[in-house]
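For reference, the structure is listed below as structure tokens.
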Amino acid sequence: MTLNLDALKDSPRLLIEARLKPVQGMRFQPTGFPEIGAAEYDGPDGEKMLLVESAQSMANRLEAVCWDSVKDNFVEPLTNLPYINILDGGGGFLTSSVLDSHRLNSNYVMESSNGIVPEMLHEELKELDGRSIDLRKAAAAILKYDIGSIIHGVFLVKQGYKKWENLKEGRIRLPRIVSAFIEAEDIKIASSGGAKLDHINPSQKDGKGNVIYSKDEYVSPKITAYFNIDLAQLRGYGFSDTVTELLIVLSLFKVRRFLECGLRLRTACDLDVDMITVTRPDGFEIPETADLEKALPDLIAAANREGVFADPVITEVTYRK
């Protein structure tokens, strides 16, 4: 399949559904939340529903599948995309704006190298001081230093940074372009248990010694991953056609990568793809991973020639406690 995005030109959204199933057996372990455990709820027709993976978790997973943890860099098709690389005091890799949960607004980014990143953003956006925020200009500045923050969304705020009131007050906020979640329908609980055995002193207390426990897993006839790519929001940033196409292809690449290599969500939640469907717009087919990988380097190079990325594209900073 060749890369053809014509069907997306007039669509405000690209909606994708992926039917999932456990790799082995029928049981799976959903995400859990403090004090409430698994998120069970009633569907509109009274069916028992379950949140398998939340939107915030999925946003982070879509970033993680684009990272090569051996090289501490983007996977090969994405090299030469801009991001912030954070080193520790000894010059070793600490984290990056790709990996940290708040992306460009991570405290490891904002408080690194004596505040160099806020200074760079201030220089890009100082004309907005005392004015209403122009999200097109804000998006251009964010794209320059961290393309992932455009897709993932970011809320720029740094308390105590007095030089730039816009940053201090948190007036720059970009919603996610790609949002996703996984839910299961008509769920039933599969209760089981286990034991942690202490062969030295089984009578110890407070989590030591022998510990017998119960656990709940789930079964469902239908597990679905939902992906929503907000094309209208992306177009609203006023990027060039080249950059807009790059961001769409990058978003599709993230979805493909997640469905191919990111579905082992937990030890007891290892899923596989059964079927992928585009529900909106009609007539669009998701390009194959190989086609996306082939297109990305040329799109990245073309965007770089337009001067929209930082030079160098990787901004390297140091974080010290």
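Rule-based calculations on the coordinates, nothing more; no lab input. The shown structure was predicted, so the numbers you read here are calculated from the model rather than taken from an experiment. Reconstructed Cβ throughout: ideal geometry from the backbone, glycine too, with neighbour counts over all protein chains shown.
See the values below:
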read-out: Sum of side-chain charges, Phe74 neighbourhood, beta-carbon under 11 Å (Lys, Arg +1; Asp, Glu -1); value: -3
read-out: The chain: DSSP helices with Cα axial extent of at least 20 Å and average Kyte-Doolittle hydropathy no lower than -1.0; value: 241-261, 289-305
read-out: Loop GluC sites (Glu not before Pro), region 1-98, which have at most 13 other Cβ atoms in a 10 Å radius of their Cβ (DSSP); value: Glu35, Glu47
read-out: Rel. contact order, % - alpha carbon contacts under 8 angstrom, at least six apart, region 1-85; value: 13 percent
read-out: Cross-link table Lys144/Lys294; Lys188/Lys222; Lys254/Lys294; Lys48/Lys196; Lys9/Lys137, entries beyond 20 Å C-alpha to C-alpha; value: Lys144/Lys294; Lys48/Lys196; Lys9/Lys137
read-out: Among Leu78, Leu265, Leu197: highest mean-square fluctuation, GNM of the chain, C-alpha pairs under 10 Å; value: Leu197
read-out: Overall form of region 183-321 per C-alpha gyration tensor (a/c, 1.5; a/b vs b/c); value: oblate
read-out: Mean separation of Cα contacts under 8 Å (6+ apart) over length of the chain, as relative contact order %; value: 33 percent
read-out: D (Stokes-Einstein, µm²/s), Kirkwood Cα radius, the chain, 0.890 mPa s at 25 °C; value: 113 µm²/s
